[in-house]
1. Counting Lys +1, Arg +1, Asp -1, Glu -1, what net charge surrounds residue 86 among other residues with beta carbon under 11 Å of its beta carbon?
2. Find out how many positive minus negative residues lie around residue 155, taking Lys and Arg as positive, Asp and Glu as negative, among other residues whose Cβ is under 14 Å from that of residue 155.
3. To the nearest 0.05, what FRET efficiency results for residue 146 and residue 272 with a Förster distance of 35 Å applied to their C-beta separation?
4. Under 12 Å from the Cβ of residue 194, count the other residues' Cβ atoms, weight Lys and Arg +1, Asp and Glu -1, and hand me the total.
5. Where does helix 112-121 land angle-wise versus the long Cα axis of the chain, in degrees 0 to 90, nearest 10?
6. Taking H as built 1.01 Å from N, whose amide H comes closer than 5 Å to the amide H of residue 306, not counting residues under 5 places away?
7. Could you list which residues have their amide H under 5 Å from that of residue 313, counting only those 5 or more apart in sequence or on another chain, with H placed in the peptide plane?
8. Of 41/66; 66/183; 9/66; 65/210; 9/41; 9/165, which pairs sit farther than 22 Å apart, going by alpha carbon to alpha carbon?
Amino acid sequence: MSSSAREAKYWHVDKGRVVCTACPRHCAMAEGQNGFCFVRKNEGGRLATLAYGQPNAVAVDPIEKKPLFHFLPGTTILSIGTAGCNLGCRFCQNWDLSRARSNHMRAMSLPPSEVARLATSEGCASVAFTYSDPTVFVEYATDAAIACREAGLATVAVTAGYIGKEAREDLYRHLDAANIDLKGFTEDFYAKLSLAHLAPVLETIEYAVKHGVFVELTTLLIPGHNDGEDEIRAESKWVVEHLGPDVPLHFSAFHPAYQLLNVPRTPPQTLRRARAIALAEGVRYVYVGNLVDEEGETTYCHGCGEPLIGREGFAVRHNLLAGNDHCPKCQAIIPGVFDARARTASAGIRHGLL
């Protein structure tokens, strides 16, 4: 196995090929072949991960950028990610990273213990496995999550949720929170625009909620593809029926990227309409993203309507829940993790470390 590689955990051999089981794609690789994600490879009849301890993107972000609005608001998070992705989203807004080979990009040597040390030294309350998808570097993300928890740091996955059962069980037991990207709510959308399937994603979302990971969901609304009222209503109903009304839901604005350069930006009214539909269907906390919108960025008490956390972009302007999960006006319990150390404002500019 090459010096830059490490043996992966999730694989077996079938008919002379190495089959990766880290995600539902189950890539079957002949000797020397890479999987769909580019960072898992058959080397000498064994599956190698080319991404372990070698992130290609490292930065300090406001946690609101993930986006997580109910988990440690007003704090910073160390974000790490590698090249490669196990989805093929035609609208990917990180395509330069997700479709890259790891050896074609500059990387930082950052073993799991150093992830925790770096996050602590940068004053972060948590670490996120993000930018591409932690599924493709799941062994590294799992070991880093263990090291971070031992150092007293919270752990976060920003993911499409397209992950194999064994890998999911190993990683998610060490996660505190996740923003799961629910890219659309039809199998047709997933098949044509993400080269994946919807059902495994829904299974992951339910699994995470059931096993105590604090989950927020994000759907990027792409004009003409997944922004229809019926689809938004069906998604919102599913959230309430399968997860409960307290899982926060973010609708985010698309901008032309990668292979969908001919699709226009999402109009603000589309996001506001989606938010209104989700609220009407019983989702208590619905937000809009990639849009400056005071109402759509504010956390309101579901009991009395009191504005509890006010935001502007990625900055928290006021926070009545620092260290407290009760509305100060009506005492309704607000779902989330609200740290007393949280600042009242956070910067929106990414502080890059790589």
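Readers should treat all values here as calculations from the given coordinates under stated rules, not as data from a laboratory. Note that the coordinates shown come from a computational prediction; the quantities given were computed from them, not determined experimentally. Using ideal geometry, Cβ is built from the backbone for each residue, glycine included, and neighbour counts are taken over all protein chains shown.
1. Residues close to residue 86 contribute a combined charge of +1.
2. Local net charge: -1.
3. Result of the calculation: an efficiency of 0.25.
4. 0
5. On a 0 to 90 degree scale, this one is about 30.
6. The answer is 301.
7. 293
8. Pairs exceeding 22 Å: 41/66; 9/66; 65/210.
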